[in-house]
1. Which residue, of B:193, B:223, B:210, B:237, is aliphatic (A, V, I, L, M), open to solvent by less than 80 Å² (accessible area, probe 1.4 Å) and under 21 Å from the mean Cα position of the chain (by Cα)?
2. Got at least one residue in the range A:191-205 being within 20 Å of the chain's Cα centre (by Cα) and in a helix (DSSP H, G or I)?
3. Taking the range A:206-254 on its own, how many of its residues are under 26 Å from residue B:270 (Cα atoms), assigned to a helix (DSSP H, G or I) and among the aliphatic types (A, V, I, L, M)?
4. Taking the range B:156-175 as the search range and keeping residues that are open to solvent by 30 Å² or more (accessible area, probe 1.4 Å) and without any contact (Cβ under 8 Å) to a residue 40 or more places away in the chain, which one is farthest from the other protein chains (Cβ to nearest Cβ)?
5. Exactly one of (1) over 26 Å from the mean Cα position of the chain (by Cα); (2) charged (D, E, K, R); (3) open to solvent by less than 60 Å² (accessible area, probe 1.4 Å) is unmet by residue A:256. Its number?
6. Within the range B:250-261, is there a residue that is over 15 Å from the mean Cα position of the chain (by Cα), more than 10 Å from chain A (Cβ to nearest Cβ) and closer than 28 Å to residue B:166 by Cα?
7. Taking residue A:135 and the conditions (1) within 25 Å of residue B:264 (Cα to Cα); (2) at pLDDT 85 or above, which numbered condition does it fall short on, given that it satisfies the others?
8. Conditions: (1) surrounded by fewer than 24 Cβ atoms within 10 Å (Cβ to Cβ); (2) in contact with a Gly (Cβ under 7 Å, 6 or more places away or on another chain); (3) at the interface with chain B (Cβ under 10 Å from one of its Cβ atoms). Residue A:224 meets all but one. Number of the miss?
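The values are calculated or read from the model by the stated rules, or taken from the named source; none is laboratory data. Model, not experiment: these values are computed from the prediction. Heads up, the Cβs are rebuilt from the backbone with ideal geometry, glycines too, and the neighbour counts pull from every protein chain shown. Remember, those area values only see protein heavy atoms, side chains included, never the ligands or the DNA or RNA. Shrake-Rupley method; radii C 1.70, N 1.55, O 1.52, S 1.80 Å.
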Amino acid sequence: MTELPVEPVPAKAPRSKRRDVWDQFKSHKGALLGMFIFAVIVLGVLLGPYLWPYDATYIDIRARNEGPSFAHPMGTDQLGRDTMARMMAGGQTSISVGVTAMLLALVLGSLIGVVAGFFKRLDGPLMRLTDLFLALPLLPLLLVMVLLFREPLSATFGPETGIFILIVVAIGITSWMPTARIVRGDVLALKEREFVLAARSIGTTNFRMITRHILPNVMSPIMVSATLGIANAIITESALSFLGLGFPPDFPTWGRLLYDATNYLQQYPERVIWPGAAISLTVLSVNYLGDGLRDALDPRIRGR
Amino acid sequence: MLTYTIRRLTLAIPTLLFISLVIFLLLELAPGDPMAQVPLTVPPEVKQQMREALGLGEPTHIRFGKWLWQFFVIEPMNLIDATLGTTIAEGESRVISWQTRSPVMDIVAQRMPQTLWVVAMSYVVGILIAMPIGIYSAYRQYSVFDQVGTFVTMVGYSVPPFFSGVLVIVIFSVQLGWLPSIYDTTLNVVDWATFKKQLMQMVMPVMVLALQTTAQISRFMRASMLDNLNQDYVRTARAKGLSEWSVVMIHVLRNSMIPVVTVIALGVPYIFGGAIITEQIFKVNGLGQLLITAIQANDLPMVQTVTFMLAVLIVLFNIIADILYGVLDPRIRYD
């Protein structure tokens, strides 16, 4: 008779939180589809230009204003540039602006939210500041910022990097408020919990407390804000480009392509569809992703 | 209720001061002399007047004070003059536009009605469409109506106005030719035919703006109704034999409206942002279009004034929402 292993093997491995979240997320079909579409779009605009034969700035004047064909699946524009290549280049800019601006807004929002929630004395002033920012006319202010700082920044960093920094910073500092509010609410609730008291009793400093105990516990609302932040930033950047105050004309973004296409609305109405659909589809998929994430990270819904 | 309203109104003053400070400092911190971009065609004496009107060459805080004085004292005095025919503001230097060399507020007053019309109409239409959708999809949760409604609102939420606006122009103006793509602001409504024309040209801008409002508000309405429908007081109301209509439309709806009113108020800045874009698409000559042309022409006083006027409108709508909040929830009035 052979010896059986001494330690009893548990019938089922204990489930990790990550696993729970993923299981809940999987059950939300829209969120899965959203994640898939967003991944396809991101991969498409990142890898597409390496596979696609045409360059976004290559001008072929004999092939201008062409409709969709095998050579140019989305047609060409008034200078004979391939629309597919321009869409990919535009998507790179739009998505990178969206992600960077979202990160900036997230860092600002979480910082202000955590500080306001954790330090009682700063709570009042910081929340009043948040309320004041929420009352600002954001789009007009963004337009004014772009108007005033476009030239000096272009002169310092070059036209493309300059305007990239400007737009990212402008969107970042005007969209941190929702994150700050949500994070503050959660921090206020966390502060009353026993584990914080326990950590306090062994002499944890405020800095350690925030980084070790508070921040990991408010990650889920921050992640949901992140997805919504990307959608918001992409729309804002496109709106700026659409109003003619975004990136320079020869530097395509989805908003810019849409803006250029509206000039040919009567002759080539199909041209506005591509960039518009790309923006809408990206935002839609990100919103669904956020929706699913919110459900999956909410312990009250999870496991039901 | 009156003290509550007065308290809200006094709270608006620091908000407006802060916003004017932000706008002022933004233009102040901008590198370069604000007068450097005035076209050379402007005569020197006008330039000198403009310098005085801007209060250039003095420390920042004095200039900010002067700007506030111009904006909050001299401009209202001019408004009184215009309405009552008095001359109390004569000889005071007003905020002058660099494009037209006429007072900025006169132009703003001309443009304001168009923007308010389109924005107010679309907000009202949006709310009117959103509320029944939200209520019904919460009441019949997970029904076909709810599923379709959720998807449609999600799409409406994700399609930006600059795409949906262009799209409806392509469909209804270019392809079908039903509606005019350009908003004619010179149209005077005098009889049935012009009223119909006005209606036709308002449909697209209003619906495009209303789409996003509808999507957002119906989502919140649904969530808020769902929170309330499972509460004990609903069971009590049903148990004491109230009709289903009065349970849902009176008991639940009133309580669900409280968070929705906040969302409606917080949405006001976005709808004004959307109005800028819609005005650009449909060529409505409202405040947004004025702002864009002023920005393109580097007309800083105009930009400053229009931005601030938009801020005033936003703050105003926020106060209205706050007061509504007090009407809906008596607890708020007394704390």
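1. Values: B:193 fails: under 21 Å from the mean Cα position of the chain (by Cα); B:223 fails: under 21 Å from the mean Cα position of the chain (by Cα); B:237 fails: under 21 Å from the mean Cα position of the chain (by Cα).
Of B:193, B:223, B:210, B:237, the one residue that is aliphatic (A, V, I, L, M), open to solvent by less than 80 Å² (accessible area, probe 1.4 Å) and under 21 Å from the mean Cα position of the chain (by Cα) is B:210.
2. Looking through the range A:191-205, none of the residues is within 20 Å of the chain's Cα centre (by Cα) and in a helix (DSSP H, G or I).
3. Count: 12.
4. Within the range B:156-175, the first condition is being open to solvent by 30 Å² or more (accessible area, probe 1.4 Å), and the residues that meet it are B:157, B:167-168, B:171-172, B:174-175.
Remaining after also requiring without any contact (Cβ under 8 Å) to a residue 40 or more places away in the chain: B:167, B:171-172, B:174-175.
On the way: B:167: 7, B:171: 9, B:172: 12, B:174: 5, B:175: 7 Å.
Residue satisfying both the conditions and the ranking: B:172.
5. (1)
6. Scanning the range B:250-261, I find no residue that is over 15 Å from the mean Cα position of the chain (by Cα), more than 10 Å from chain A (Cβ to nearest Cβ) and closer than 28 Å to residue B:166 by Cα, so the answer is no.
7. (2) is the only condition that residue A:135 fails.
8. Here residue A:224 meets the rest and fails (3).
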